[in-house]
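Data first, discussion second: the structure below is written as structure tokens.
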Amino acid sequence: MQSTQYVVLCDKQGRTIATKDKLQAHIDGDLHLAFSVQICRPAQDSRSGYEWLLQQRAIDKYHSGGLWANTCCSHPLLEESLEQACHRRVQEELNISIASRVQTLSHFIYHAQLDNQLIEHEYDFILLVEQDVSAVSPNPDEVMATQWCHTDEIQAWLETKPEQFAVWFKEVFTRVSKHLK
């Protein structure tokens, strides 16, 4: 793993501009490339639909610690494809080997003030992996818990306790849900 972490700065069309220290980019609120991976599987009980593998971010993460989010979120490295980045980070965070196709569904740009005086300003690609995962071994520096949740459970949770989720998750949930219908 590299000692200096960086993000790839981009314009509003997602074209690379430069790289910058990751923490500094989040202090300055620079637009940068990111991706949000969602692993889903067909429901394991009598319900139809899908279950989603969610993660609770480690409490000591540089932002959004303790909040629930999609399976994995991160930033691609310079010259790294989204699929390569997906495989790398899902393995690093959850010790899961992706064996299914990585689908790029869409992207969105968001800008949000976070905790710790940080700003999230991302050109975020939504990646979907339809794969049943029986064993998850989270890296405790990245993830404090994981949980499979049915689509209906997530919808109700978002409606009653949205503050328990990372700021980007609702948009990821909405876009993946539309794709899975």
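The single condition among (1) closer than 22 Å to GLU92 by Cβ; (2) of a type in the set (Gly, Ala, Ser); (3) surrounded by fewer than 17 Cβ atoms within 10 Å (Cβ to Cβ); (4) modelled with pLDDT of 95 or more that SER106 does not meet is (1).
Within segment 48-92, restricting attention to residues that are aliphatic (A, V, I, L, M), within 25 Å of GLN113 (Cβ to Cβ) and outside any loop (DSSP other than H, G, I, E, B), the residue that is nearest to the chain's Cα centre (by Cα) is ALA69. Looking across ASP30, ASP45, one residue alone is out of contact with any strand residue (DSSP E or B) (no Cβ under 7 Å at 6 or more places or on another chain), of a type outside the set (Ser, Thr, Tyr) and not in a helix (DSSP H, G or I). It is ASP45.
Filtering segment 166-181 to residues that are within 12 Å of the chain's Cα centre (by Cα), over 17 Å from GLU51 (Cβ atoms) and touching a residue at least 24 places away in the same chain (Cβ under 8 Å) leaves ALA166, VAL167, TRP168, GLU171. Pairing residues of segment 128-154 that are assigned to a helix (DSSP H, G or I) with residues that are crowded, with 18+ Cβ neighbours inside 10 Å, at Cβ distances under 8 Å and at least 6 apart in sequence or on separate chains, gives THR151/TYR50; THR151/GLU51; THR151/TRP52; ILE154/TRP52; ILE154/LEU54; ILE154/PHE173.
Taking the listed residues SER81, SER64, SER74, the one that is closer than 23 Å to LEU128 by Cα, of a type in the set (Ser, Thr, Tyr), modelled with pLDDT of 95 or more and surrounded by 14 or more Cβ atoms within 10 Å (Cβ to Cβ) is SER74, with no other qualifying.
The values are calculated or read from the model by the stated rules, or taken from the named source; none is laboratory data. Bear in mind that the values here come from a model prediction, so they are computed numbers and not experimental data. Because the Cβ atoms are built from the backbone with ideal geometry, glycine has one as well, and the counts that use them run over all protein chains shown.
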